[in-house]
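Asker: I am attaching a structure below and will ask some questions about it afterwards.
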Amino acid sequence: MPRNLAQTRPAKRSQFRQRTKKHRPVKANRQKIDAATLAASIQLQEQQREVIYSIIALIMKVGLLTVGFASLVRLGLASVQRVNGHMEVSSVLAFESAKLEKMQERFDRLFTIGGARRLIDEEDQWIAPNRVRIIWR
């Protein structure tokens, strides 16, 4: 029965619909598997699973070993750099310490008897007696 598009109310349906049941067909020609074959296949699957787990564990161990080795190499390089820096600083410190001791001795000699005369004798920039200093502009 064709419906008219201008129909204002839809046709009334019954409240309860009949559901159709869908059944899956059962395979009638299944082969019976004996218990030994079933146990062998289960054991084979278990062994394959263990091999896969062993490979995953091996990969993880190799990865951790690689990370550890790389960390040790980086730590070694950093320690070599620190030791080189320390040696450089200690050599500069030794040079500056020797220079400081030399200057302290010179300073101490200025305040001993005849220190002023020694200072004048050491300095080459003093104007000699009876000389005139000329300043160029």
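The values are calculated or read from the model by the stated rules, or taken from the named source; none is laboratory data. None of these values were measured; they are calculated from a predicted model.
Asker: Here are some residues: A70, A36, A28, A40. Which one is modelled with pLDDT under 85, more than 30 Å from E122 (Cα to Cα) and among the hydrophobic types (A, V, I, L, M, F, W, C)?
Answerer: After applying the criteria, what remains is A28.
Asker: Quick one: which residue in E105, E101 is of a type in the set (D, E), part of a helix (DSSP H, G or I), within 54 Å of the chain's Cα centre (by Cα) and at pLDDT 95 or above?
Answerer: On the way: E105 fails: at pLDDT 95 or above.
Among E105, E101, only E101 is of a type in the set (D, E), part of a helix (DSSP H, G or I), within 54 Å of the chain's Cα centre (by Cα) and at pLDDT 95 or above.
Asker: Here is a list: R137, R82, R118. Which entry is in a helix (DSSP H, G or I) and modelled with pLDDT under 90? Steps first, answer last, please.
Answerer: Numbers: R137 fails: in a helix (DSSP H, G or I); R82 fails: modelled with pLDDT under 90.
Sole residue among the options that is in a helix (DSSP H, G or I) and modelled with pLDDT under 90: R118.
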